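The values are calculated or read from the model by the stated rules, or taken from the named source; none is laboratory data. Computed from a predicted structure; not experimentally measured. Please note: Cβ atoms are built from the backbone with ideal geometry, for glycine as well, and neighbour counts cover all protein chains shown.
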Amino acid sequence: MIIDFHTHIFPSVIRDNRDLFFHNEPDFQLLYQSPKSRLAGKGELLASMDRQGIRKSVIFGFPWKNTDHFRRHNDYIIESVQRHPDRFIGFCCADPLSKEAAREMERCLQAGLKGIGELALYATGFTPDIISSTADIMSISGEYHSPVLLHTNEPVGHQYPGKQPMHLAQLYNLIQTYRSNRIILAHWGGGLFFYALMKKEVKEILKNVWFDTAASPFLYTADIYRIAGEIIGYEKILFGSDYPLINPERYIQEMESAGIPSAGIEAMIGENARNLLDLS
């Protein structure tokens, strides 16, 4: 069973009127002001899943700053899961610095969503004050035994919309602060997994951390699947397409071209997600 761990869907009111949602939402405007930036709904995602053999998808919205916006979007995720419980697994999202974020996460988890994310801070890094500000969210995550998916990116290389200031030491401090929480780092964690090669401390700190593959075909050569698997173990990698950014089939093709054992591919594209989310 193939599970796509990283997909974005938006309700029609946002898809059809994106310009109306740019006010006081600089992150949304940054990522979606271009008409070429696709906004997909649940129907489009289901059709794509059927075409490409995806059995289930983890769906989430956007880290809106406006409380009404993230509540509306999370309600859409809840509704989508309730209508298609055999196809969708929902995560809840909000601006992690919002005073209402933790309360909203609890509301959504009580409604049946399985995790928190994709949380993102596109304008800042994970500074000590921001790490402290996420304490309530992480507390809710621990209480509900729900994983938290964080947006990360590589700290070097070409620039693109949404590439936040990323300091791996800050990210490491966040993980160390909340080491009992199950954390998923999107986009390969900005390469943080490489430091699991160190002899002391790091591998233990990353014990409850997973890495997803979202946007990998745009960022890395296919070798990254094999190299990451050799360093952290294939059981720590979650296939995520970042739909509708890239079609899932590209990831599978790259995995196969990288010379990865079939057991490693099966783990990445489904088994790891099933184990992490306690799916039968």
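Listing for the model above:
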| quantity | calculated |
| --- | --- |
| Which numbered condition residue 146 misses (of (1) in contact with a strand residue (DSSP E or B) (Cβ under 7 Å, 6 or more places away or on another chain); (2) over 18 Å from residue 59 (Cβ atoms); (3) among the polar types (S, T, N, Q)) | (2) |
| Pair list, Cβ < 9 Å and 6+ apart or interchain, from the stretch 60-83 residues that are free of Cβ contacts under 8 Å to residues at least 40 places away in the same chain and closer than 16 Å to residue 24 by Cα to residues that are part of a helix (DSSP H, G or I) and among the aliphatic types (A, V, I, L, M) | 70/101 |
| Residues (under 22 Å from the mean Cα position of the chain (by Cα) and free of Cβ contacts under 8 Å to residues at least 24 places away in the same chain) located in the stretch 38-51 | 43, 47, 50 |
| Exclusive hit being hydrophobic (A, V, I, L, M, F, W, C) and in contact with an Asp or Glu (Cβ under 6 Å, 6 or more places away or on another chain), set 228, 214, 196 | 214 |
| Every residue from the stretch 154-173 that is touching a helix residue (DSSP H, G or I) at 6+ places or on another chain (Cβ under 6 Å) and closer than 17 Å to residue 62 by Cα | 161, 162 |
| So residue 78, is it β-branched (Val, Ile, Thr), farther than 17 Å from residue 115 by Cβ and modelled with pLDDT of 95 or more | no |
| Candidates 199, 236, filtered to the one that is surrounded by fewer than 17 Cβ atoms within 10 Å (Cβ to Cβ) and either of a type in the set (Lys, Arg) or in contact (Cβ under 8 Å) with a residue 60 or more places away in the chain (or both) | 199 |
| Test: residue 218 is assigned to a loop (DSSP other than H, G, I, E, B), under 30 Å from residue 34 (Cα atoms) and of a type in the set (Phe, Trp, Tyr) | no |
| Filtered residues of the stretch 143-176 (kept if closer than 24 Å to residue 213 by Cα and in a helix (DSSP H, G or I)) | 168, 169, 170, 171, 172, 173, 174, 175, 176 |
| Qualifying residue in the stretch 253-266 (condition: within 19 Å of the chain's Cα centre (by Cα), assigned to a helix (DSSP H, G or I) and free of Cβ contacts under 8 Å to residues at least 60 places away in the same chain) | no |
